[in-house]
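Shown next, in structure tokens, is the structure this report addresses.
Just so it is clear, none of the values below were taken in a lab; they were calculated from the coordinates. Computed from a predicted model, the values in this text were never measured in an experiment. All Cβ positions, glycine included, derive from the backbone under ideal geometry; neighbour counts span all protein chains shown.
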Amino acid sequence: MKKLIAAASLVTLSTALAHAQNIEITPNASAPSALGDAKLFSGHVVVDSLFPANEFTHGTGGHVTFAPGARTAWHTHPAGQILIVTSGKGWVQQEGSAKREISPGDVVWIPVGVNHWHGATDETGMGHIAISYMKDGKNVEWGKLVTDQEFAQ
């Protein structure tokens, strides 16, 4: 009897896992592009949503394109963020540290709770894929805009 129950449990578990692991495709441009909100970004920024969080990924993805001089406001992530630079040249800066240049192919890990900003350089645009992880239904906590003086340092 125990073997029969164990076998039935394995079949049920296998069926549930197989269903949970179906491939999903989010078609390109299935969500409209959005201009970066002036309360959260400086300069011309376009955000293209790639995927929403779900019960398996626990993160959101977007492709963000920054014109020269454009950048995010200071912000933190309650569960961290990964940036994958896709084009141009950009900068990322952790509060209290010097800004650092990022280039296509670079992968940047932003740890939990680290106050930072990222965007294009002053002369070159930049694009990146941003994957932001969720905690308690949030993936970002926005702060103040990066001033021109902070950006120039």
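For the reader, a short list of remarks on this structure follows.
- Subset tally (residues that are under 16 Å from A70 (Cα atoms), in a strand (DSSP E or B) and not β-branched (V, I, T)) for the range 120-141: 5
- The single condition among (1) surrounded by fewer than 18 Cβ atoms within 10 Å (Cβ to Cβ); (2) touching a Ser or Thr at 6+ places or on another chain (Cβ under 9 Å); (3) at negative phi that G105 does not satisfy is (3).
- Within the range 75-119, tally of residues that are of a type in the set (F, W, Y) and over 13 Å from S132 (Cβ atoms): 2
- In the range 82-110, the residues that are more than 16 Å from F151 (Cβ to Cβ) and touching a residue at least 40 places away in the same chain (Cβ under 8 Å) reach residues that are among the hydroxyl-bearing types (S, T, Y) and not in a strand (DSSP E or B) with C-beta atoms within less than 8 angstrom, at least six apart or across chains, in these pairs: V85/S103.
- Meets criteria (surrounded by 15 or more Cβ atoms within 10 Å (Cβ to Cβ), of a type in the set (V, I, T), touching a residue at least 60 places away in the same chain (Cβ under 8 Å) and more than 23 Å from E123 (Cα to Cα)) for T72: no
- Within the range 78-93, the set of residues being within 18 Å of D122 (Cα to Cα) and either in contact with a helix residue (DSSP H, G or I) (Cβ under 8 Å, 6 or more places away or on another chain) or not basic (K, R) (or both) comprises V85, T86, S87, G88, G90, W91, V92, Q93.
- Residue count, the range 26-49 (criterion: surrounded by 12 or more Cβ atoms within 10 Å (Cβ to Cβ), assigned to a loop (DSSP other than H, G, I, E, B) and among the small types (G, A, S)): 3
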